């Protein structure tokens, strides 16, 4: 019995690894993209993050064709010939004697006296000028931010036209979404946004490095600060991530609120992403 048991224990692994019993290949979950045109929501519904909302084209009513009315042709009137006026005799030029003006004494204007300004007035004026300068700087910064945001939105729209969903007519949402809002999760949006700013040569890829980064964004979608929780150990990969994050200081749309993100960046997943 011991001999039979020993033989069975040896035969089972041999038969399992033999070609007679092929193993089932483990299917990996599909790698999908996030369409940056989609709205960021707190509770996304079940759907696809790369799907887009189909916009209905407004129906244009055709105007009825109006036949042009014939324009009546008026008969040409004969031009009237006016008689030439008789030339008037030229008047004789009058001889005007020049008047000699009496010499006038030069008028001496009194020098204007500068009003005296107190130190309190000078301080008030300096404070007011400082406030005006600061206000102008804030307005300029806000205008620059709006222009950058508009450029980012335009780039997101252009990029969204290149994204195709593997499931046609899929609703906008997340694959694991359980909410009731049509949109994408903020974490997925930020990760996709950073990855679109990322550039890396495949020839520099060694192994499968992964880095963990903590990022802090305000409600307007502006990056306040970030830090590496865990570096990958691949110096070139970590530097490429830092450059991509620096380019992602302003998101293309605002967030629901000020948010903190803890995101993992895996080199293999980022290179394999379509």
**Request:** Looking for whichever is at pLDDT 85 or above and either in contact with a helix residue (DSSP H, G or I) (Cβ under 9 Å, 6 or more places away or on another chain) or surrounded by fewer than 17 Cβ atoms within 10 Å (Cβ to Cβ) (or both) here; the options are 173, 179. Which one fits?
**Result:** 179
**Item:** Flag if residue 212 is more than 16 Å from the chain's Cα centre (by Cα) and part of a strand (DSSP E or B)
**Value:** yes
**Message:** Go through region 219-235 and report how many residues are surrounded by 14 or more Cβ atoms within 10 Å (Cβ to Cβ) and touching a residue at least 24 places away in the same chain (Cβ under 8 Å).
**Reply:** 5
**Fill in**
residue 209 fails exactly one of (1) within 26 Å of residue 48 (Cα to Cα); (2) surrounded by 18 or more Cβ atoms within 10 Å (Cβ to Cβ), namely (1)
**Asked** Can we say residue 136 is more than 30 Å from residue 184 (Cα to Cα), surrounded by 10 or more Cβ atoms within 10 Å (Cβ to Cβ), at pLDDT 70 or above and within 26 Å of the chain's Cα centre (by Cα)?
**Response** yes
**Message:** For region 229-248, check the following and say yes or no: at least one residue is closer than 19 Å to residue 187 by Cβ and part of a loop (DSSP other than H, G, I, E, B).
**Reply:** yes
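The values are calculated or read from the model by the stated rules, or taken from the named source; none is laboratory data. Predicted, not measured: the structure shown is a model, and the values here were computed from it. Reconstructed Cβ throughout: ideal geometry from the backbone, glycine too, with neighbour counts over all protein chains shown.
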